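Novice: The structure that follows is given in the form of structure tokens.
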Amino acid sequence: MNAPLRLGIAGLGTVGIGVVKIVRQHAAMLSMRTGRDITITAVSARSRDKDRGFSLSAYAWEDDPVALAKRDDVDVYVELMGGTDGPAKASVDAAIAAGKNVVTANKAMLAIHGQSLAEDSENANVSLRYEAAVAGGIPVIKALSEGLAGNDVTRIVGVMNGSCNYILTRMESASLSYEDVFAEADALGYLEADPQLDVGGIDAAHKLAILSSIAFGTQVDFDGIELEGIERVSIEDIQHANDMGFKIKLLGVAQRTGRGLEQRMMPCLVPATSPMGQLQGGTNMVAIEGDAVEQIVLRGPGAGEGPTASAVMGDVCDIARGTRLPVFGQPAASLKKAERAASVLPAPYYLRMDLVDKPGALAKIATVLGDAGVSIDRMRQYAHEDTTAPVLIVTHKTTRADLDNAIEAMKATDVLRSDPVVLRIESV
């Protein structure tokens, strides 16, 4: 039996406590599966006195996570504090400089500093692993970097934020407004301390940036993601989309095209009968398309104590076995700067607009769309009681530029009550 692998854990929130529980409860199993004992030697958190359900007296305590990262009796520094910079980044830097392997769940830090961290860890000949940073308990990082290593990946599509998926599916099932369900989700503790990280799409975009780097051999490019949150999605949009056979999801898409790398995180319509259309609650789903495998779909819990701690321990076990891989699937020095797509591939779009209820209003809209080269696939007008006529239009495939030109021209017709709601329709 090899010498024990000694962990230092920084951050004893939900995930950190989950990791401690797995190490305690499954010590014999972990030893059998990795060929060495896995132990915890030291921990760090904001509060030493907080009741965490069991005693931590068996472990050394460090108030400073940087000091924890440098300890001689720590082989793997497990960073579970979060945050782009601050103590998380400083302590990971210190661990790498001290020759420690690192396991983290910190998608924000990787999305912003991933390239430099990858270069530093590979130069130091240590592992930097982060399965828990993307999609909770779903082993999507391992699938991309190992299981699908023989594929030329062409597209990644995913629902990667369980809180947003909960809000959208709850709005539909209970016929509640976005504001009502947002307040409910916040009260239940489903949202980050800064809710904008969730509903603004930022958390999910961090994850997409990481997956794109592995899939396409590029440096992480969070700033290159076209980003829009779910705040403008109304219960009317959800109900009308459902009437036309679609569901609305906060959807991440990364794909390589002749125009460059497309990355976007935004509300989209997907077919109601598709696996992603049927995805409920806080569950995550990622579809990966490659030239050899065609398409695989990974589905599972995207957050929570057990699922995320499971992902952390998967990385710890790989380190215990001696597995070492480049951080983003290939040597960091070989990762190219992402060539951002100047324009996105054409797609059908959903338009919802309120028109002035007068003869010829809808004809004017149809003419404007036609003049811009946008053809109509389906159109539906809803019954109304006042002077406003709600109209839905699904277009054939078109470019966003042509659609934007049409919408700008619509404003000069004097038949719009408000700006149209525009949602892309994705095939999944």
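The values are calculated or read from the model by the stated rules, or taken from the named source; none is laboratory data. Small disclaimer: the values here were computed from a predicted structure and weren't measured. In this analysis, Cβ positions are derived from the backbone assuming ideal geometry, glycine residues included, and neighbour counts consider all displayed protein chains. Quick note on the areas: whole protein, heavy atoms, side chains included, nothing else; ligands and nucleic acids left out. Shrake-Rupley method; radii C 1.70, N 1.55, O 1.52, S 1.80 Å.
Novice: Give the number of residues within segment 241-262 that are over 27 Å from ALA342 (Cα atoms), open to solvent by 10 Å² or more (accessible area, probe 1.4 Å) and either of a type in the set (S, T, N, Q) or in contact with a Phe, Trp or Tyr (Cβ under 8 Å, 6 or more places away or on another chain) (or both). Reasoning before the result, please.
Specialist: First pass over segment 241-262, keeping only residues over 27 Å from ALA342 (Cα atoms): 241-247.
Applying the additional criterion that residues be open to solvent by 10 Å² or more (accessible area, probe 1.4 Å) yields 242-247.
Next, only the ones that are either of a type in the set (S, T, N, Q) or in contact with a Phe, Trp or Tyr (Cβ under 8 Å, 6 or more places away or on another chain) (or both) stay: 242, 244, 246.
Selection size over segment 241-262: 3.
Novice: Going by what's in this entry, would GLN263 be described as closer than 24 Å to ALA149 by Cα, at pLDDT 95 or above and in contact with a helix residue (DSSP H, G or I) (Cβ under 7 Å, 6 or more places away or on another chain)? Write out each step before concluding.
Specialist: On the way: closer than 24 Å to ALA149 by Cα: yes; at pLDDT 95 or above: yes; in contact with a helix residue (DSSP H, G or I) (Cβ under 7 Å, 6 or more places away or on another chain): yes.
When the stated conditions are applied, GLN263 passes them.
Novice: If you don't mind, there's one more thing I want to ask. Can you pull out the residues in segment 137-153 that are buried (at least 17 other Cβ atoms within 10 Å of the Cβ) and not in a helix (DSSP H, G or I)?
Specialist: GLY137, ILE138, PRO139, LEU148, ASN151, VAL153
Novice: List the helices (runs of 4 or more DSSP H) that sit entirely inside segment 176-218 and contain at least 3 residues that are free of Cβ contacts under 8 Å to residues at least 24 places away in the same chain and surrounded by fewer than 20 Cβ atoms within 10 Å (Cβ to Cβ).
Specialist: Values: elements: 178-187, 196-199, 202-216.
Helices (runs of 4 or more DSSP H) meeting the threshold: 178-187.
Novice: Separate question: Which numbered condition trips up GLY306, out of (1) closer than 30 Å to LEU110 by Cβ; (2) touching a strand residue (DSSP E or B) at 6+ places or on another chain (Cβ under 8 Å)?
Specialist: If we test GLY306 against (1) closer than 30 Å to LEU110 by Cβ; (2) touching a strand residue (DSSP E or B) at 6+ places or on another chain (Cβ under 8 Å), just (2) comes out false.
Novice: Could you count how many residues in segment 308-339 are hydroxyl-bearing (Ser, Thr, Tyr), within 30 Å of GLY224 (Cα to Cα) and open to solvent by 30 Å² or more (accessible area, probe 1.4 Å)? Let's see the steps before the verdict.
Specialist: To start, the set of residues in segment 308-339 that are hydroxyl-bearing (Ser, Thr, Tyr) comprises 308, 310, 323, 334.
Keeping just the survivors that are within 30 Å of GLY224 (Cα to Cα) gives 308, 334.
Still in the list and also open to solvent by 30 Å² or more (accessible area, probe 1.4 Å): 334.
Number satisfying all stated conditions: 1.
Novice: Consider HIS113 against the criteria (1) at pLDDT below 95; (2) in contact with a Lys or Arg (Cβ under 7 Å, 6 or more places away or on another chain): it satisfies all of them except one. Which criterion is unmet?
Specialist: (1)
Novice: Can I ask one more? Among the residues of segment 120-128, is there at least one that is open to solvent by less than 50 Å² (accessible area, probe 1.4 Å), among the acidic types (Asp, Glu) and in a helix (DSSP H, G or I)?
Specialist: As a first pass, look at segment 120-128 and keep what is open to solvent by less than 50 Å² (accessible area, probe 1.4 Å): 121, 124, 126-128.
Narrowing the set further to residues that are among the acidic types (Asp, Glu) leaves none.
No, every residue in segment 120-128 fails to be open to solvent by less than 50 Å² (accessible area, probe 1.4 Å), among the acidic types (Asp, Glu) and in a helix (DSSP H, G or I).
Novice: Oh, and also: I want to confirm something. Restricting to segment 383-428 and keeping residues that are open to solvent by less than 40 Å² (accessible area, probe 1.4 Å) and among the small types (Gly, Ala, Ser), which single residue is modelled with the highest pLDDT?
Specialist: In this case the residue turns out to be ALA406.
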